[in-house]
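Below you'll find the structure, written out as C-alpha coordinates, and then a few comments.
The values are calculated or read from the model by the stated rules, or taken from the named source; none is laboratory data. All values reported here derive from a predicted model rather than from experimental measurement. Every residue, glycine among them, receives a Cβ derived from its backbone with ideal geometry; neighbour counts consider all protein chains shown. All accessible areas refer to the heavy atoms of the entire protein, side chains included, with ligands and DNA or RNA removed. Shrake-Rupley method; radii C 1.70, N 1.55, O 1.52, S 1.80 Å.
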Amino acid sequence: ALGSLKAFVPAIALPDLRRARSGRVPRKRMRSIAVLLVDIEGCTRQCEDLPPRLMNDVIETYFSRYLDAVRAFEGDVTEVLGDGLLAIFEGSDLRASIEGAMNATERIRTVTAALNRRRSKHHDPIALHIGLNAGQALTGVTRLRSRKGERWFYTANGPVTNIAARLCALADGGQTLTTKAIADLVPGRCDFRWLGPQRLKNVARPVEVAECIPKLTPCNGARRSARRGT
(Lines give C-alpha, C1' and ligand atoms only; values in the text may rest on other atoms or scores of the structure.)
Protein backbone atom coordinates (compact mmCIF):
# COMPACT_ATOMS: atom_id res chain seq x y z
CA ALA A 1 0.00 0.00 0.00
CA LEU A 2 1.16 3.51 -0.74
CA GLY A 3 0.48 4.52 2.83
CA SER A 4 3.29 2.27 4.04
CA LEU A 5 5.71 3.98 1.62
CA LYS A 6 5.27 7.48 3.02
CA ALA A 7 8.15 7.01 5.44
CA PHE A 8 10.47 5.97 2.60
CA VAL A 9 9.71 8.38 -0.24
CA PRO A 10 9.07 12.14 -0.41
CA ALA A 11 5.41 13.12 -0.54
CA ILE A 12 5.88 14.78 -3.93
CA ALA A 13 6.81 11.36 -5.38
CA LEU A 14 3.55 9.68 -4.33
CA PRO A 15 1.52 10.82 -7.39
CA ASP A 16 4.13 9.20 -9.64
CA LEU A 17 3.89 5.98 -7.65
CA ARG A 18 0.10 5.98 -8.00
CA ARG A 19 0.44 6.31 -11.77
CA ALA A 20 2.98 3.50 -11.79
CA ARG A 21 0.60 1.19 -9.94
CA SER A 22 -2.01 1.76 -12.65
CA GLY A 23 0.48 0.67 -15.29
CA ARG A 24 1.63 4.11 -16.44
CA VAL A 25 5.35 4.67 -16.18
CA PRO A 26 5.83 8.18 -14.76
CA ARG A 27 7.73 10.57 -17.02
CA LYS A 28 9.76 13.49 -15.81
CA ARG A 29 8.36 16.95 -16.41
CA MET A 30 9.86 20.42 -16.61
CA ARG A 31 8.71 22.37 -13.56
CA SER A 32 9.53 25.67 -11.91
CA ILE A 33 11.04 24.79 -8.54
CA ALA A 34 13.10 26.17 -5.69
CA VAL A 35 15.98 24.03 -4.42
CA LEU A 36 17.48 24.24 -0.95
CA LEU A 37 20.79 22.58 0.02
CA VAL A 38 21.64 22.47 3.73
CA ASP A 39 25.06 21.28 4.90
CA ILE A 40 26.57 20.96 8.38
CA GLU A 41 29.78 22.96 8.70
CA GLY A 42 32.78 20.95 9.88
CA CYS A 43 30.88 17.68 9.97
CA THR A 44 34.02 15.65 9.20
CA ARG A 45 35.63 16.93 12.39
CA GLN A 46 32.42 16.32 14.36
CA CYS A 47 32.39 12.74 13.08
CA GLU A 48 35.95 12.27 14.34
CA ASP A 49 35.19 13.81 17.73
CA LEU A 50 31.87 12.10 18.49
CA PRO A 51 31.02 8.39 18.88
CA PRO A 52 29.13 7.10 15.82
CA ARG A 53 25.83 6.64 17.65
CA LEU A 54 25.95 10.17 19.07
CA MET A 55 26.74 11.59 15.62
CA ASN A 56 23.83 9.62 14.19
CA ASP A 57 21.62 11.05 16.92
CA VAL A 58 22.78 14.58 15.99
CA ILE A 59 21.88 14.06 12.33
CA GLU A 60 18.50 12.50 13.07
CA THR A 61 17.55 15.07 15.71
CA TYR A 62 18.49 18.17 13.73
CA PHE A 63 17.35 16.90 10.34
CA SER A 64 13.99 15.83 11.77
CA ARG A 65 13.35 19.44 12.72
CA TYR A 66 14.56 20.58 9.30
CA LEU A 67 12.09 18.19 7.68
CA ASP A 68 9.32 19.81 9.74
CA ALA A 69 10.50 23.25 8.62
CA VAL A 70 10.55 22.30 4.93
CA ARG A 71 7.14 20.61 5.00
CA ALA A 72 5.62 23.56 6.87
CA PHE A 73 6.19 25.63 3.71
CA GLU A 74 5.02 23.06 1.14
CA GLY A 75 8.40 21.58 0.32
CA ASP A 76 9.84 18.14 0.92
CA VAL A 77 13.23 16.60 1.58
CA THR A 78 14.18 14.35 -1.33
CA GLU A 79 17.72 13.36 -0.32
CA VAL A 80 19.92 13.13 2.75
CA LEU A 81 23.57 13.08 1.75
CA GLY A 82 25.53 12.24 4.89
CA ASP A 83 25.88 15.66 6.52
CA GLY A 84 23.55 17.49 4.14
CA LEU A 85 20.03 17.43 2.80
CA LEU A 86 18.27 18.49 -0.38
CA ALA A 87 14.78 19.99 -0.30
CA ILE A 88 12.55 20.82 -3.26
CA PHE A 89 9.66 23.30 -3.36
CA GLU A 90 7.29 22.69 -6.28
CA GLY A 91 4.56 25.30 -5.96
CA SER A 92 2.41 26.49 -8.85
CA ASP A 93 4.13 29.88 -8.69
CA LEU A 94 7.93 30.23 -8.75
CA ARG A 95 7.97 33.27 -6.49
CA ALA A 96 5.84 31.44 -3.92
CA SER A 97 8.26 28.50 -4.03
CA ILE A 98 11.20 30.85 -3.41
CA GLU A 99 9.34 32.44 -0.51
CA GLY A 100 8.63 28.97 0.89
CA ALA A 101 12.30 28.02 0.66
CA MET A 102 13.34 31.25 2.38
CA ASN A 103 10.77 30.76 5.13
CA ALA A 104 12.04 27.22 5.64
CA THR A 105 15.62 28.53 5.80
CA GLU A 106 14.73 30.99 8.55
CA ARG A 107 12.94 28.32 10.55
CA ILE A 108 15.85 25.89 10.10
CA ARG A 109 18.24 28.47 11.52
CA THR A 110 15.89 29.19 14.43
CA VAL A 111 15.47 25.55 15.41
CA THR A 112 19.23 24.97 15.00
CA ALA A 113 19.96 27.72 17.52
CA ALA A 114 17.39 26.26 19.94
CA LEU A 115 18.79 22.74 19.62
CA ASN A 116 22.34 24.03 20.08
CA ARG A 117 21.36 25.62 23.38
CA ARG A 118 19.54 22.50 24.54
CA ARG A 119 22.33 20.09 23.59
CA SER A 120 25.37 22.22 24.49
CA LYS A 121 26.63 19.67 27.05
CA HIS A 122 26.75 16.87 24.47
CA HIS A 123 28.51 18.36 21.43
CA ASP A 124 29.76 21.56 19.82
CA PRO A 125 27.16 23.88 18.27
CA ILE A 126 25.97 22.92 14.80
CA ALA A 127 26.56 25.56 12.12
CA LEU A 128 25.04 25.41 8.65
CA HIS A 129 25.91 26.35 5.09
CA ILE A 130 22.88 26.86 2.84
CA GLY A 131 22.52 27.27 -0.91
CA LEU A 132 19.26 28.38 -2.54
CA ASN A 133 18.40 28.49 -6.22
CA ALA A 134 15.26 28.37 -8.35
CA GLY A 135 14.15 27.96 -11.94
CA GLN A 136 13.22 25.28 -14.45
CA ALA A 137 14.29 21.69 -13.77
CA LEU A 138 13.40 18.25 -15.06
CA THR A 139 11.73 16.65 -12.06
CA GLY A 140 10.34 13.20 -11.40
CA VAL A 141 11.47 9.64 -11.06
CA THR A 142 14.98 8.64 -12.10
CA ARG A 143 14.94 4.90 -12.86
CA LEU A 144 18.05 2.78 -12.49
CA ARG A 145 17.71 -0.63 -14.15
CA SER A 146 19.93 -3.54 -13.21
CA ARG A 147 19.80 -7.24 -13.91
CA LYS A 148 18.30 -7.79 -10.49
CA GLY A 149 15.57 -5.18 -10.76
CA GLU A 150 14.96 -1.45 -10.66
CA ARG A 151 15.62 1.31 -8.16
CA TRP A 152 13.68 4.59 -8.35
CA PHE A 153 14.72 7.99 -7.00
CA TYR A 154 12.84 11.28 -7.06
CA THR A 155 15.20 13.89 -8.51
CA ALA A 156 15.39 17.37 -9.99
CA ASN A 157 17.94 17.47 -12.79
CA GLY A 158 19.57 20.49 -14.36
CA PRO A 159 21.59 23.61 -13.61
CA VAL A 160 19.15 24.78 -10.91
CA THR A 161 20.14 21.94 -8.56
CA ASN A 162 23.80 22.02 -9.57
CA ILE A 163 24.17 25.73 -8.83
CA ALA A 164 22.35 25.37 -5.50
CA ALA A 165 24.91 22.72 -4.53
CA ARG A 166 27.81 24.96 -5.61
CA LEU A 167 26.40 27.88 -3.63
CA CYS A 168 26.14 25.67 -0.56
CA ALA A 169 29.77 24.64 -1.01
CA LEU A 170 30.82 28.28 -1.44
CA ALA A 171 29.04 29.43 1.72
CA ASP A 172 31.29 30.12 4.69
CA GLY A 173 30.71 30.94 8.32
CA GLY A 174 27.06 29.93 8.31
CA GLN A 175 26.06 31.89 5.22
CA THR A 176 22.92 31.43 3.13
CA LEU A 177 23.84 32.10 -0.50
CA THR A 178 21.60 32.57 -3.52
CA THR A 179 21.88 34.26 -6.91
CA LYS A 180 21.22 37.87 -7.79
CA ALA A 181 18.50 36.68 -10.17
CA ILE A 182 16.64 35.06 -7.27
CA ALA A 183 17.19 38.06 -5.00
CA ASP A 184 15.72 40.33 -7.68
CA LEU A 185 12.51 38.26 -7.69
CA VAL A 186 11.94 38.81 -3.95
CA PRO A 187 13.74 42.10 -3.25
CA GLY A 188 12.17 42.80 0.15
CA ARG A 189 12.24 39.27 1.48
CA CYS A 190 15.51 39.71 3.41
CA ASP A 191 18.58 41.91 3.40
CA PHE A 192 20.90 40.97 0.55
CA ARG A 193 24.64 41.52 0.54
CA TRP A 194 26.07 41.39 -2.95
CA LEU A 195 29.18 39.24 -3.37
CA GLY A 196 29.64 39.92 -7.07
CA PRO A 197 30.32 37.39 -9.84
CA GLN A 198 31.72 34.11 -8.55
CA ARG A 199 33.33 31.23 -10.39
CA LEU A 200 31.50 28.07 -9.36
CA LYS A 201 32.95 24.64 -9.96
CA ASN A 202 31.94 23.17 -13.34
CA VAL A 203 29.71 26.17 -14.12
CA ALA A 204 30.77 27.76 -17.42
CA ARG A 205 29.99 31.40 -16.62
CA PRO A 206 30.43 33.42 -13.42
CA VAL A 207 27.30 33.60 -11.28
CA GLU A 208 26.21 36.80 -9.52
CA VAL A 209 25.94 35.71 -5.89
CA ALA A 210 24.11 37.31 -2.98
CA GLU A 211 24.10 36.49 0.71
CA CYS A 212 20.64 36.39 2.26
CA ILE A 213 20.64 37.96 5.72
CA PRO A 214 17.44 37.94 7.83
CA LYS A 215 15.84 41.31 8.48
CA LEU A 216 17.27 43.15 11.47
CA THR A 217 15.52 42.16 14.71
CA PRO A 218 16.52 42.58 18.38
CA CYS A 219 17.66 38.93 18.52
CA ASN A 220 19.89 38.98 15.44
CA GLY A 221 21.09 42.55 15.38
CA ALA A 222 24.17 41.86 17.49
CA ARG A 223 25.18 38.92 15.29
CA ARG A 224 24.89 40.97 12.13
CA SER A 225 26.82 43.88 13.57
CA ALA A 226 29.62 41.53 14.62
CA ARG A 227 29.78 40.02 11.14
CA ARG A 228 29.93 43.37 9.40
CA GLY A 229 32.29 44.87 11.93
CA THR A 230 29.94 47.76 12.73
Exercise. So how much slack lies between L14 and L185, counting 0.36 nm per residue of separation and subtracting their Cα-Cα distance, in nm?
Worked result: 58.5 nm
For this session: For segment 78-230, just the Cα set please: Rg and Dmax, both in angstrom.
Result: 17.3, 62
Problem set entry | For segment 1-138, Kirkwood radius (reciprocal of mean inverse C-alpha pair distance, Å) | 16.3 Å
Seminar exercise, completed: With a Förster distance of 22 angstrom and the Cβ-Cβ distance between L81 and D57, calculated FRET efficiency to the nearest 0.05 equals 0.75
Exercise. Using 0.36 nm per residue, how much length does the chain from K215 to D49 gain when fully extended, once their Cα-Cα distance is taken away?
Worked result: 56.3 nm
Seminar exercise, completed: Hits in segment 103-132: amide N under 16 Å from the 7 Å Cα→Cβ extension of D68, namely 104-119
Exercise. Heavy-atom accessible area per residue, the chain, 1.4 Å probe: how many Å²?
Worked result: 56 Å²
Exercise. Once every DSSP H run of n ≥ 4 in the chain is given -39500 (n - 2.57) and the sum is divided by its residues, what mean residue ellipticity at 222 nm do you get, rounded to the nearest 500 deg cm²/dmol?
Worked result: -12000 deg cm²/dmol
Problem set entry | Size of charge dipole - the chain - debye, nearest 20, with Cβ of Lys, Arg +1 and Asp, Glu -1, no other charges | 620 debye
Exercise. Once you list every other residue whose beta carbon is under 13 Å from the beta carbon of D83, what net charge do they have if Lys and Arg are +1 and Asp and Glu are -1?
Worked result: -4
For this session: Using R₀ = 35 Å, calculate the FRET efficiency as 1/(1 + (r/R₀)^6) where r is the Cβ-Cβ separation of R118 and R95; round to 0.05.
Result: 0.50
Exercise. Working out 0.36 nm times the residue gap between K201 and N157, then minus their Cα-Cα distance, what length gain in nm do you get to one decimal?
Worked result: 14.2 nm
